[in-house]
Amino acid sequence: MKSLIIVESPAKAKTIEKFLDGRFAVKASRGHVRDLPKSQLGVDVEHGFMPKYQIIPSQRSTIKELKAAVGARDRVFLATDPDREGEAISWHLAQALDLDVAQPLRIVFREITSGAIKRAVAEPRPIDLRLVDAQQARRVLDRLVGYQLSPLLWRKVRRGLSAGRVQSVAVRLIVERERERLAFKSQEYWTLTGTFLGASKQEVTAELALVGGKKPTLSSQTEVDAVLAEIDRAQPFVVTALAEKKRRRLAPPPFTTSTLQQEASRKLGFSVRRTMSVAQSLYEGVDLAGGERVGLITYMRTDATRVASEAKAEATQYIKAHYGEAYGRPVERKAKAKPGVQDAHEAIRPTAVARTPDGLAAHLNRDQMRLYRLIWERFLASRMSPADLLATSADLHQGTLTFRATGSVVLFDGFLRVWAAPDEGDEELAAMPKLDAGEALMVSELTPEQHFTEPPPRYTEASLVKTLEEKGIGRPSTYAPIIDTIQQRGYVELVSRRFQPTVLGEVVVDLLAAHFPEVVDPAFTADLEERLDAIEDGSRLWQDVVGAFYEDFAARLKTADKDVPRVRMPVQETDEVCELCGRPMVIRQGRFGPFLSCSGFPACKHSRPLAKGTGVPCPLCHTGQIVERKTKRRQRVFYGCSRYPACDFTSPQKPVNRVCPSCAAPYLVERRQGGKVTIACRAPGCGYTEDGPVAAAHDD
């Protein structure tokens, strides 16, 4: 009889099945099979916070199929993902399928390759109940907060809202950053840059560094003009304080989940969810030449940068063979101890460095290719020699003024051969002409430039993930769901790829901060993550951790329900008037975002969607206008008639208010793919296209 292996994903099952002989059958659980019920709290707070799990209704047929498969096999292996959540899914599967959790039925692999799978099957172990307890504590805590705090928000603010142990902290960070920006007072400052020529006639660029031996503070054009008046353009500036210093730049470490998300955002324009979706497909496997299906990267949810010794040796061999002996001498970085790092898995790396991006080009789609190249290059660079730079600086002196020129020359490129440094293109890497002490340089040009201090930038997805990680909030597997949830709830919105809080988000954060400060306190949330880690290592019981949190939380909940008044959501006046009664229309916040409502409510209940117009008449009813709208569940943008529901015209593509030059259709549309925008005609049979505004392209 064949042994049975149960994984989470059908795609993973397909890959694994090809690695094993006919003795194994592979089935997929399709993710979680049991959870707390949606219709009730599902946690017995009076008896040790015991959860009341049930089979997820949509998974009943899956469990029935798996039970039949288990009955036909002599042995079962549970091969869910190698993290807390994966361990918990294995435990739930064992419970649902009546398997003995004390038996060695759990197998773990961190890359989907033939060798890794066969080693895992040869080394089964019992389910690790400490990992299960840590995940169970997280689930129970999230349910207690969500199912008991959310109804309070319904009563005090509006129905349909939710609060979460981690999502609320993320919203608070965004709200506080926005308030920092609003309170910011911009200040004027100036810089003065000079271009100088020596005997070689090569240009030297330098910036004003000292006035009378002190760092200047140029806050107005008057002060700049005073400096300019001191410069005698007929006299030379003399080179002093000439210095050269060799610098060594170490290679960056391989990717963790958060650094992959940040770099994919910066270099590829990927959203966090898009990055994780593409990485999942690379991990689960793709079909290569000859029908071979193999996972291309190691597990993509990790907070560690360590790498297996075999992978290090393989990379060193590849580097020396393709780049030369000098490039294969890495300097090991000393890992900085970060709070809350689990270090359960390796860094994200290729399963075989010999599988180069160019060699896989025929087997990967565009997104897979771009992300795989990023991962492959980062890993290869991490195992390469440091780059050696010669940093040079020279002070150019005249009277009381000193200009400073700086530059760097790459003596040995090392890892820069593969991985462009983040500051590539900065002046630090720009070469500076060779100068001699005492050399005289004449002024060629002086360029004063006005600047204003900038407020702290709004969070992008990548910078929010970075901040959450630095503060010890959440885990690699939670970043993408957090970002999805806070947008779906209408607490924040992405504007030009940066987060802005909504009025609703600010109201909810203020209410929670006033009455449940621990729920939105980053330090408290990070401390709770450390307690979950303590459950995993066996030093704390999960019921004790939950109980310590719940005792104070329940008391605050009782007080807030009695003392907190109902919040009146602020309204925004508009120039529009009500079609029924003539009163002014105002913008109110609803369950699915802002909408227009009569200011006379409840006497007049007229309302209509608040939509961003495109200026394009509706082609179906010829009366309304095509406006931007959003889906209720995922808040995805689409376009429809302003007269909905009287007119049900919709389009997934953004209309452009221009007549088609080919067929005279009344409007064109924007088509976006891979960061590129194309203007096209949507009329059947036309086919007209033109390049669009690339700068406006972005990935959702």
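The values are calculated or read from the model by the stated rules, or taken from the named source; none is laboratory data. All values reported here derive from a predicted model rather than from experimental measurement. Cβ coordinates were reconstructed from backbone atoms using ideal geometry, including for glycine residues, and neighbour counts include every protein chain displayed.
Which of the residues spanning region 308-327 are closer than 16 Å to Ala354 by Cβ and either modelled with pLDDT under 90 or within 32 Å of the chain's Cα centre (by Cα) (or both)?
Of the residues in region 308-327, the ones closer than 16 Å to Ala354 by Cβ are 308, 310-323.
Those that are closer than 16 Å to Ala354 by Cβ and either modelled with pLDDT under 90 or within 32 Å of the chain's Cα centre (by Cα) (or both): Ala308, Glu310, Ala311, Lys312, Ala313, Glu314, Ala315, Thr316, Tyr318, Ile319.
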Q.
Just checking: which of the strands (runs of 3 or more DSSP E) contained wholly in region 425-515 hold 3 or more residues that are of a type outside the set (A, V, I, L, M, F, W, C) and more than 30 Å from Leu242 (Cβ to Cβ)?
A. 498-501
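Pick from region 534-548 the residues that are out of contact with any helix residue (DSSP H, G or I) (no Cβ under 6 Å at 6 or more places or on another chain) and not aliphatic (A, V, I, L, M): which of them is farthest from Glu46 (Cα to Cα)? Give the steps one after another, and end with the answer.
Residues of region 534-548 out of contact with any helix residue (DSSP H, G or I) (no Cβ under 6 Å at 6 or more places or on another chain): 534, 537, 539, 541, 543-544, 547-548.
When the remaining residues are screened for being not aliphatic (A, V, I, L, M), the result is 537, 539, 543-544, 547.
On the way: Asp537: 26, Ser539: 24, Gln543: 12, Asp544: 13, Gly547: 10 Å.
Restricting to residues being out of contact with any helix residue (DSSP H, G or I) (no Cβ under 6 Å at 6 or more places or on another chain) and not aliphatic (A, V, I, L, M), the top hit is Asp537.
Going by what's in this entry, would Arg588 be described as under 31 Å from the mean Cα position of the chain (by Cα), of a type in the set (D, E, K, R) and not assigned by TED's automatic domain parsing to the domain that holds Arg658? Give the steps one after another, and end with the answer.
Working: under 31 Å from the mean Cα position of the chain (by Cα): yes; of a type in the set (D, E, K, R): yes; not assigned by TED's automatic domain parsing to the domain that holds Arg658: yes.
Answer is yes for this residue.
Take the residues in region 13-57 that are aromatic (Phe, Trp, Tyr) and touching a strand residue (DSSP E or B) at 6+ places or on another chain (Cβ under 7 Å), then tell me which one is modelled with the lowest pLDDT.
Of region 13-57, the ones aromatic (Phe, Trp, Tyr) are 19, 24, 49, 53.
Subset that is touching a strand residue (DSSP E or B) at 6+ places or on another chain (Cβ under 7 Å): 24, 49, 53.
Working: Phe24: 87, Phe49: 95, Tyr53: 96.
Among residues in region 13-57 that are aromatic (Phe, Trp, Tyr) and touching a strand residue (DSSP E or B) at 6+ places or on another chain (Cβ under 7 Å), the one modelled with the lowest pLDDT is Phe24.
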**Q.** Selection count, region 463-483, where residues are at pLDDT 90 or above, farther than 19 Å from Lys267 by Cβ and among the polar types (S, T, N, Q)
**A.** 1
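Taking into account only those residues within region 107-119 that are within 17 Å of Leu20 (Cβ to Cβ) and either of a type in the set (D, E, K, R) or assigned by TED's automatic domain parsing to the domain that holds Ala347 (or both), which is surrounded by the most Cβ atoms within 10 Å (Cβ to Cβ)? Don't jump to the end; show me each part of the working.
If we filter region 107-119 for residues that are within 17 Å of Leu20 (Cβ to Cβ), which is where we start, we get 107-109, 111-119.
Restricting the remaining residues to those that are either of a type in the set (D, E, K, R) or assigned by TED's automatic domain parsing to the domain that holds Ala347 (or both) gives 111, 118-119.
Working: Glu111: 23, Lys118: 14, Arg119: 13.
Taking the candidates together, the pick is Glu111.
Yes/no matrix, rows are residues, columns are (1) more than 36 Å from the chain's Cα centre (by Cα); (2) surrounded by 14 or more Cβ atoms within 10 Å (Cβ to Cβ):
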{"site": "Asp533", "(1), (2)": "no, yes"}
{"site": "Glu536", "(1), (2)": "no, yes"}
{"site": "Ser539", "(1), (2)": "no, no"}
{"site": "Glu579", "(1), (2)": "yes, no"}
{"site": "Gly582", "(1), (2)": "yes, no"}
{"site": "Phe601", "(1), (2)": "yes, yes"}
{"site": "Leu610", "(1), (2)": "no, yes"}
Q. Within region 32-82, how many residues are within 22 Å of Ser477 (Cα to Cα) and in contact with a Ser or Thr (Cβ under 6 Å, 6 or more places away or on another chain)?
A. 2
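For region 1-105, list the helices (runs of 4 or more DSSP H) that sit wholly inside it and hold at least 2 residues that are in contact (Cβ under 8 Å) with a residue 12 or more places away in the chain and surrounded by fewer than 17 Cβ atoms within 10 Å (Cβ to Cβ); which are they?
Values: elements: 10-19, 60-71, 84-96.
Correct list: 10-19, 60-71.
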Q) Listed residues Val169, Val239, Val145; which is surrounded by 20 or more Cβ atoms within 10 Å (Cβ to Cβ) and more than 38 Å from the chain's Cα centre (by Cα)? A) Val239
Q: Can you confirm whether region 614-621 contains a residue that is in the same structural domain as Gln488 (by TED's automatic domain parsing), of a type in the set (S, T, N, Q) and either surrounded by fewer than 18 Cβ atoms within 10 Å (Cβ to Cβ) or at pLDDT below 85 (or both)?
A: no
Q. What are the pairs, 6+ residues apart or on separate chains, where a residue within region 298-326 that is free of Cβ contacts under 8 Å to residues at least 24 places away in the same chain has its Cβ under 9 Å from a residue that is of a type in the set (Gly, Ala, Ser) and surrounded by 16 or more Cβ atoms within 10 Å (Cβ to Cβ)?
A. Gln317/Gly328; Lys320/Gly328; Ala321/Gly328
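Regarding region 199-213, can at least one residue be identified that is assigned by TED's automatic domain parsing to the domain that holds Asp413, at pLDDT 90 or above and assigned to a loop (DSSP other than H, G, I, E, B)?
Narrowing region 199-213 to residues assigned by TED's automatic domain parsing to the domain that holds Asp413: 199-213.
Subset that is at pLDDT 90 or above: 203-213.
Checking the rest, the ones that are also assigned to a loop (DSSP other than H, G, I, E, B) come to 212-213.
Checked against the condition, which is being assigned by TED's automatic domain parsing to the domain that holds Asp413, at pLDDT 90 or above and assigned to a loop (DSSP other than H, G, I, E, B), region 199-213 yields at least one hit.
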Q: Consider only pairs whose beta carbons are under 8 Å apart and that are at least six residues apart or on different chains; among these, list those whose first residue lies in region 199-221 and is in contact (Cβ under 8 Å) with a residue 40 or more places away in the chain and whose second residue is aromatic (Phe, Trp, Tyr) and in a loop (DSSP other than H, G, I, E, B).
A: none
